[in-house]
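> The structure under discussion is supplied below as structure tokens; questions concerning it will follow.
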Amino acid sequence: MYRGHAYRAYGDRTSSEIALAVEDADPVPAGLQADPQEPDRIYLARPTQVDAWYVSSWTFRWHGELFSCYGVRDDQVTGLYIGGNGAFASEHLRRVGAVDYEGTFPLDEVTDPTEERVDLLARWHKRQQPGA
């Protein structure tokens, strides 16, 4: 979050700079230096310049079973099955690995969407404290 606008950001809690990506209708972030490698799309900010910096992930349920969301498109959601019911997975989902299953479902069949956020800015501030 930079000056009240959410941008996709790249970096980690040890970074001295965060790369903010301008996508679609995002405004160009005023007051930041463009990345010389991608001057039309990436702008560099110090952690002290941002309002918030976090990574988020989503989970949801379909037919009561838990999934980790990794895509939403055209009123459908795609997720990796993280439940433990092998019979359910075999019957209703696509196998995508040795033990991994995924599914794509209409949004109106999905329940309990839950966002988990990790506050990277708080972690960065903590690392700046003496003795951290």
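The values are calculated or read from the model by the stated rules, or taken from the named source; none is laboratory data. In this text the structure is predicted, and so the values were computed from the model without any measurement. Using ideal geometry, Cβ is built from the backbone for each residue, glycine included, and neighbour counts are taken over all protein chains shown.
> Every residue in the stretch 71-86 that is under 23 Å from the mean Cα position of the chain (by Cα) and over 18 Å from THR59 (Cα atoms), please. Write out each step before concluding.
In the first step, residues of the stretch 71-86 are kept if they are under 23 Å from the mean Cα position of the chain (by Cα); the result is 71-83.
ASP74, the sole residue that qualifies.
> Could you tell me whether the stretch 65-75 includes any residue that is among the hydrophobic types (A, V, I, L, M, F, W, C) and closer than 29 Å to VAL22 by Cβ?
yes
> Something else about it: Going residue by residue through the stretch 48-68, is there one that turns out to be on the phi < 0 side of the Ramachandran plot, loosely packed, with under 11 Cβ neighbours inside 10 Å and outside any strand (DSSP E or B)?
Looking through the stretch 48-68, at least one residue is on the phi < 0 side of the Ramachandran plot, loosely packed, with under 11 Cβ neighbours inside 10 Å and outside any strand (DSSP E or B).
> Check ALA98, ALA89 and return the single one that is surrounded by 13 or more Cβ atoms within 10 Å (Cβ to Cβ), out of contact with any Ser or Thr (no Cβ under 8 Å at 6 or more places or on another chain) and assigned by TED's automatic domain parsing to the domain that holds THR114.
ALA89
> Then there's this: Which one of the conditions (1) of a type in the set (Gly, Ala, Ser); (2) surrounded by 14 or more Cβ atoms within 10 Å (Cβ to Cβ); (3) closer than 30 Å to PRO29 by Cα does GLY83 fail to meet, given that it meets all the rest?
Failing condition for GLY83: (3).
> Further, regarding this structure: For ARG127, indicate whether it is basic (Lys, Arg), closer than 30 Å to ALA34 by Cβ, in contact (Cβ under 8 Å) with a residue 40 or more places away in the chain and not in a helix (DSSP H, G or I).
No.
> Which of (1) of a type in the set (Lys, Arg); (2) surrounded by fewer than 15 Cβ atoms within 10 Å (Cβ to Cβ); (3) within 19 Å of TYR10 (Cβ to Cβ) does ARG123 not meet, given it meets every other one?
(2)
> Can you tell me which residue within the stretch 1-47, out of those that are assigned to a loop (DSSP other than H, G, I, E, B) and among the hydrophobic types (A, V, I, L, M, F, W, C), is surrounded by the most Cβ atoms within 10 Å (Cβ to Cβ)?
LEU32
> Going residue by residue through the stretch 87-104, is there one that turns out to be under 21 Å from the mean Cα position of the chain (by Cα), within 30 Å of GLY11 (Cβ to Cβ) and in a strand (DSSP E or B)?
Yes, some residue in the stretch 87-104 is under 21 Å from the mean Cα position of the chain (by Cα), within 30 Å of GLY11 (Cβ to Cβ) and in a strand (DSSP E or B).
> So, in the stretch 69-80, of the ones that are assigned to a strand (DSSP E or B) and out of contact with any helix residue (DSSP H, G or I) (no Cβ under 9 Å at 6 or more places or on another chain), which residue ends up surrounded by the most Cβ atoms within 10 Å (Cβ to Cβ)?
My answer is GLY79.
> Under 8 Å between Cβ atoms, at least 6 apart or on separate chains: pull out the pairs that start in the stretch 97-118 with a residue that is over 12 Å from GLY79 (Cα atoms) and end on any residue that is among the small types (Gly, Ala, Ser) and in a strand (DSSP E or B).
Within 8 Å, the pairs are GLU115/SER56; GLU115/SER57; GLU116/SER56; GLU116/SER57; ARG117/SER56; VAL118/SER56.
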